[in-house]
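A quick write-up on the structure given underneath.
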Amino acid sequence: MVKTGNGFSDLAAGLLYLLPSLLLFGVFLFYPMIRTIYLSFFYTDPQGNPIAFIGLENFTYLLQSEAFLNSAKATGLFVLYTVPAGILLSLFLALIANLKLKGIGIFRTLFSSTMGMSVAASSIIWMFMYNPSIGVFNKLLNLIGFEGHQWLLDPNTALLSVALSTIWMNTGFAFLILLGGLQNIDEQLYESARISGAGSFYQLRRITLPMLSPTLFFITTVSLINAFQTFGQIDILTKGGPVQSTNVIVYSIYQDAFVNYNAGSASAQAVLLFFCILAVTVLQFRLGEKKVHYQ
Amino acid sequence: MSLMKKSLLYVLLVISALFMMFPIVYAVMISFMQGGEVLQGKLFPSSFSFENYQSAFQQVPLLHFLMNSLIVSVTVTAGQLIVSSLAAFAFVFIKFRGRNTLFFLFISTMMIPWEATMVPNYLIVQKLGWINQYSSLTIPFFALAFGTFLLRQQFKTIPYELFEASQVAGISRFRFFWKVVLPVSKTSMITLAIYSFLTTWNMYLWPLLVTNNEKVRTVQIGLKQMQSQEVSSEWGTVMAAAVIVVLPTLILLFAGQKHLQKGLTQGAIK
């Protein structure tokens, strides 16, 4: 056994190497998190300084406020619209891009391309596609004899439209992760299945999906968390409107903090967002772990 | 595979590719159109004109914004590589009390949504006098738990005996880190670099908060500014700007797709 220095110097060295990370996490993550929780119990001035301790009043006010409940509903619906559909689409693309065909690399590159697209640029492109008079969606509708639609201005379709563009934006990343998961599956499993005469669907159900479950589990969690954190596409496409139908929680936090200058209420919403994401993560691990098949 | 099945799969692949690529191709097409063609809702430009690209550079300081984004992205990438690799080294090669606790603390940072901390973060940056400074766009992002994990995974493949032997030979820890660990982990470092650059270049909410003039404003915010000013009248110009903005990251993604996929899968599953 080689001695690699005494305990104290190891501790000092370890901390020294970790110092930049710890310092940055401390200043820009842990302290702000604690500060957010702290501010959520206060009434604040427009500069964001706490003025008066009001306990849970920010929270009770939020839970009774129609605007907040509406924003919670918009967030919930947004998650519901984007997560399952996004995962199914990415899974489908990953499955067909995992085949051993000539030129498959090109398709893999094309399918992953939205990962390189920024939210700002993507949103602007989709905004044009949704344009009532010159966008492609209404042109298509007109072509088959329907009237055009105000996709982003109709409260009934605005959130759905933003969700559709978001699914597209997120597909590249989810596709890359799922493709990686598929490529990690041992080829021999398929070979022995083929020898015993199992069909493609049987292989998908009995080999691919179980073996892919850790990856699916991971991408589901990440997609859920991402959906809760949506901001850019809302800011560009709808600004929370029409009639608050797309005012998801992060947009609502942004508005409260930087437009209405109410840091207390914004902090209370941020705390709720934090617990939402924490709950999703914990729930995912609890439920997921039972069903996930690890190699 | 039968020929029939093969061609069917190719059809499926092509349809999917058309579906996924449509918005991008559509944007490129519009960026080459003249005003009238855009308003008619055409799909293809009658001739490819670079006018929109010219006017995109003329109407907003796009080049300046691109430079800002480049400076910010390169700085964050370098910062994340340095800070994460140092932390990962400590977690793999330095045995000290409380290491597991600290590692758990790192894991826990992934649970905190960045948006939940943005109000105090903004106030901190404001107090530091960092509004409209590169520092606010870069320094808060140097520490990255994901990067630390990715590199820790890689560093673990280096035999610990090698480290012990180097210690016996009197080689300092830092020298071992610099001369052995980093060079053999080049692939993982490149993966992380691509990831860092992509995410920083595409950042939106934070640059929106901490920049309010053109000095350090990034290209994403420049794009939003342009879109809200121009809309209806000059879609061609806005699209040309959007194409310019996504070009660097698309090229990077295409060049590093294999690396990125491998790295992300590693970070995700293991």
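Annotation note: Cβ proximity below 8 Å between a residue of the range A:177-200 that is open to solvent by less than 70 Å² (accessible area, probe 1.4 Å) and a residue that is assigned to a loop (DSSP other than H, G, I, E, B) and not aliphatic (A, V, I, L, M) (sequence gap 6+ or interchain) occurs for A:L179/A:N98; A:L182/A:N98. Within the range B:89-127, restricting attention to residues that are open to solvent by 40 Å² or more (accessible area, probe 1.4 Å) and facing chain A (nearest Cβ under 7 Å), the residue that is modelled with the lowest pLDDT is B:M111. Kindly list the number of the only condition in (1) surrounded by 19 or more Cβ atoms within 10 Å (Cβ to Cβ); (2) charged (D, E, K, R); (3) free of Cβ contacts under 8 Å to residues at least 40 places away in the same chain that fails for B:E164. Single failed check for B:E164: (1).
The condition of being at pLDDT 95 or above and closer than 30 Å to A:Y251 by Cα holds for only one of A:L93, A:L18, A:L22, A:L63, that being A:L22. Is one or more of the residues making up the range B:198-213 assigned to a helix (DSSP H, G or I), open to solvent by 50 Å² or more (accessible area, probe 1.4 Å) and under 21 Å from B:M118 (Cβ atoms)? Yes, the range B:198-213 contains a residue that is assigned to a helix (DSSP H, G or I), open to solvent by 50 Å² or more (accessible area, probe 1.4 Å) and under 21 Å from B:M118 (Cβ atoms). The number of residues in the range B:226-259 being open to solvent by 10 Å² or more (accessible area, probe 1.4 Å) and more than 21 Å from the chain's Cα centre (by Cα) comes to 8.
Scanning the range B:128-147 for residues that are part of a helix (DSSP H, G or I) and either aliphatic (A, V, I, L, M) or at pLDDT below 95 (or both) yields B:L137, B:I139, B:A145, B:F146, B:G147. Residues of the range B:134-148 that are hydrophobic (A, V, I, L, M, F, W, C) and more than 12 Å from every other protein chain (Cβ to nearest Cβ): B:L137 alone. Taken over the range B:25-49, the criterion of being open to solvent by 20 Å² or more (accessible area, probe 1.4 Å) and at pLDDT 90 or above is satisfied by B:V25, B:V28, B:M29, B:F32.
Rundown of residues vs (1) within 11 Å of chain A (Cβ to nearest Cβ); (2) closer than 23 Å to B:T249 by Cα; (3) in a helix (DSSP H, G or I), yes/no style:
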{"residue": "B:F22", "(1), (2), (3)": "yes, yes, yes"}
{"residue": "B:L43", "(1), (2), (3)": "yes, no, no"}
{"residue": "B:S46", "(1), (2), (3)": "no, no, no"}
{"residue": "B:S49", "(1), (2), (3)": "no, no, no"}
{"residue": "B:L70", "(1), (2), (3)": "no, yes, yes"}
{"residue": "B:T77", "(1), (2), (3)": "no, yes, yes"}
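Let's see how each residue does on (1) outside any helix (DSSP H, G or I); (2) open to solvent by less than 60 Å² (accessible area, probe 1.4 Å); (3) farther than 30 Å from B:F103 by Cβ:
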residue: A:L24; (1), (2), (3): no, yes, no
residue: A:I37; (1), (2), (3): no, no, no
residue: A:P46; (1), (2), (3): yes, no, yes
residue: A:N58; (1), (2), (3): no, yes, yes
residue: A:S71; (1), (2), (3): no, yes, yes
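Select, from B:R152, B:R175, the only residue that is farther than 24 Å from B:H259 by Cβ, in a helix (DSSP H, G or I), open to solvent by 10 Å² or more (accessible area, probe 1.4 Å) and more than 10 Å from chain A (Cβ to nearest Cβ). Criteria check complete, one pass: B:R175. Summed over the range A:122-138, residues that are in a helix (DSSP H, G or I) and either more than 7 Å from every other protein chain (Cβ to nearest Cβ) or in contact with a Ser or Thr (Cβ under 9 Å, 6 or more places away or on another chain) (or both) total 8. On inspection, A:T230 qualifies as under 27 Å from A:A270 (Cβ atoms) and assigned to a loop (DSSP other than H, G, I, E, B). The condition (being hydroxyl-bearing (S, T, Y), away from chain B (no Cβ under 13 Å) and surrounded by 22 or more Cβ atoms within 10 Å (Cβ to Cβ)) is satisfied by just one residue among A:T157, A:T82, A:T166: A:T82.
Let's see how each residue does on (1) in contact (Cβ under 8 Å) with a residue 40 or more places away in the chain; (2) closer than 22 Å to A:T220 by Cα; (3) not charged (D, E, K, R):
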| residue | (1), (2), (3) |
| --- | --- |
| A:L88 | no, yes, yes |
| A:N98 | yes, yes, yes |
| A:L101 | no, no, yes |
| A:M115 | yes, yes, yes |
| A:M129 | no, no, yes |
| A:F137 | no, no, yes |
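The values are calculated or read from the model by the stated rules, or taken from the named source; none is laboratory data. Keep in mind that what you see is a predicted model, and the values were worked out from it rather than measured. Counting neighbours? That spans all protein chains shown, and the Cβs are built from the backbone with ideal geometry, glycine included. Surface accessibility is based on the protein's heavy atoms, side chains included, excluding ligands, DNA and RNA. Shrake-Rupley method; radii C 1.70, N 1.55, O 1.52, S 1.80 Å.
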